[in-house]
Amino acid sequence: AMEVDGLGGSDACSSGLSVVVAAGPYTLADDLAYEPLHELLQDLKNSPPNMLVLLGPFVDVEQPLVAGGLIDVSFQQLFQTQILERLHAWQAALSSPCQVVLLPAVRDVFHHPTFPQPAIDIQPPDQQLISLQNPCSFSMEGMLVAGVTADVLRHLSGAELAKTEPGVPTDRLGALASHVLGQRRFYPLYPAPPGTCLDLTSDTALLLQQLPDLLLLPSDLAPFAKLVAAAPATAEGGGYAAATSPAAQGSPQVVVVNPGRLAKGGSGGTYAHVTVEAGNSSIPSRCRVDIIRI
């Protein structure tokens, strides 16, 4: 069972759990056949996860055929036929149920164009195919998951100034992700770069109310899965703490995943498969993440 904005504890998920995460675009640059999405669903057909999380954009405003107005159906119809109907057909053919969760993106041409975003209105409502707002937190069998489809990591990468000691190994991507956890905000950057469409009248929707077990940060940067210490930000600096530091050892650990993009230009990309083993220890300590190329 899934609870939106649930407050499940880190030790609540004692049984095993399988979650697959993919981020758009879902079709190649030169067509609207959605072949990468088809390949993903075929890969999962024989051994479906407990949950499939799909992060937008689903109908990308930057896709050349969409941007050029070279399609003969509406954007909403394209989403209905290529995404929703395809997912319904896939779910109907599965041997065991798999709940699908959709999060929109600002680049979705058929949806609300400012960030934060409301959920996509899916009719008729379906408990096995659910749309959530962007950003959001939800609980799945006791595991708390948080996700945002804005490219927070790339925006932070272009704005961050960092000083490192010579000879000390650095974790650039982990440091960028730590800003989200340290400041307890899905988008810890102001002013936002052009194209973010940040709406500060909805600022409370950007607050990370509770530290998640799994944080989804899709980005154009290199795909990764990391265990990041959620050390709180201080007046002296950001929330990043090296894994071996006392601050990291005394802080909660969060599994941070960038699944990459399912389609990259004219070729397939990557997605992430998160597996949580059965047990009673903390979820991050029982978590395995595979970045899989299609």
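The values are calculated or read from the model by the stated rules, or taken from the named source; none is laboratory data. Bear in mind the structure is a predicted one, so any value in this text is a computation, not a measurement. Reconstructed Cβ throughout: ideal geometry from the backbone, glycine too, with neighbour counts over all protein chains shown. Remember, those area values only see protein heavy atoms, side chains included, never the ligands or the DNA or RNA. Shrake-Rupley method; radii C 1.70, N 1.55, O 1.52, S 1.80 Å.
Consider SER281 carefully, then state whether it is at pLDDT 90 or above, part of a loop (DSSP other than H, G, I, E, B) and more than 25 Å from PRO188 (Cβ to Cβ).
yes
Quick one: count up the residues across segment 127-145 that are buried (at least 24 other Cβ atoms within 10 Å of the Cβ), among the hydrophobic types (A, V, I, L, M, F, W, C) and under 15 Å from PHE186 (Cβ atoms).
So the count comes out to 2.
Quick one: count up the residues across segment 149-171 that are assigned to a helix (DSSP H, G or I) and open to solvent by less than 80 Å² (accessible area, probe 1.4 Å).
Summing the residues that are assigned to a helix (DSSP H, G or I) and open to solvent by less than 80 Å² (accessible area, probe 1.4 Å) in segment 149-171 gives 7.
Out of all the residues in segment 85-119, which are open to solvent by less than 10 Å² (accessible area, probe 1.4 Å) and either free of Cβ contacts under 8 Å to residues at least 40 places away in the same chain or at positive phi (or both)?
GLN117
Would a scan of segment 198-210 turn up a residue that is in a helix (DSSP H, G or I), open to solvent by less than 30 Å² (accessible area, probe 1.4 Å), in contact with a strand residue (DSSP E or B) (Cβ under 8 Å, 6 or more places away or on another chain) and aliphatic (A, V, I, L, M)?
yes
Counting only residues that are in a helix (DSSP H, G or I) and without any contact (Cβ under 8 Å) to a residue 40 or more places away in the chain, which one in segment 60-78 is least open to solvent (accessible area, probe 1.4 Å)?
The selected residue is LEU65.
Would you check which residues across segment 172-189 are closer than 15 Å to ALA230 by Cα and either of a type outside the set (A, V, I, L, M) or in a loop (DSSP other than H, G, I, E, B) (or both) and list them?
GLY174, SER178, HIS179, GLY182, GLN183, ARG184, ARG185, PHE186, PRO188
Just checking, how many residues over segment 36-45 are open to solvent by 70 Å² or more (accessible area, probe 1.4 Å) and touching a residue at least 12 places away in the same chain (Cβ under 8 Å)?
Adding up the residues that qualify gives 4.
Name the residue, out of PRO57, PRO49, PRO124, that is open to solvent by 10 Å² or more (accessible area, probe 1.4 Å) and part of a loop (DSSP other than H, G, I, E, B).
Matching residue, one of PRO57, PRO49, PRO124: PRO124.
Among the candidates LEU28, LEU37, LEU65, single out the residue that is of a type outside the set (D, E, K, R), in contact with a Gly (Cβ under 8 Å, 6 or more places away or on another chain) and over 24 Å from MET143 (Cα atoms).
LEU28 is the lone residue from the list that is of a type outside the set (D, E, K, R), in contact with a Gly (Cβ under 8 Å, 6 or more places away or on another chain) and over 24 Å from MET143 (Cα atoms).
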